[in-house]
Amino acid sequence: MNDKIDRMRPLSSAVPGALSELLRAAPLSPGKVAFAWRAAVGGALERETSVRLEGTTLFVEAATRQWAQEVRRASSTILRRLHTLLGPDAVKELSVRERQR
């Protein structure tokens, strides 16, 4: 078989790496943080939360107690994904609370 074909990978496997490189190169902004949050948690969780970065703490406000619990439960995975997208020094911790009504 052709060596080039054997080494080919699907485009979808290259997208996360390319996205990470682009995000890390851009200046840290609320839009960049919001984009990285959506990429890290997915659309459903992103719709039920809002985020703001102060220093290296990402404050997450969840729509309900259940969504806040979900973010806390997944916090180590979310932080790992944010480190990949934004770099290891951008977000050091998550502070999660339920949105006040």
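For the pair residue 34/residue 57, report the inter-label distance in nm, with labels modelled 7 Å from Cα in the Cβ direction.
About 2.3 nm, to one decimal.
For residue 99, what residues show an amide H to amide H distance below 5 Å, using hydrogens built from the backbone and excluding near sequence neighbours?
Excluding prolines and chain starts, which carry no amide H, the hits are 62, 63, 64.
What net charge is computed for the residues neighbouring residue 81, neighbours being all others with C-beta under 13 Å from the C-beta of residue 81, Lys and Arg scored +1, Asp and Glu -1?
The answer is +1.
Values in this text are rule-based calculations from the coordinates and carry no lab data. As the structure is a prediction and not an experimental result, all values here were calculated from the model. Methodologically, a virtual Cβ is constructed for each residue, glycine included, from the backbone with ideal geometry; neighbour enumeration extends over all protein chains shown.
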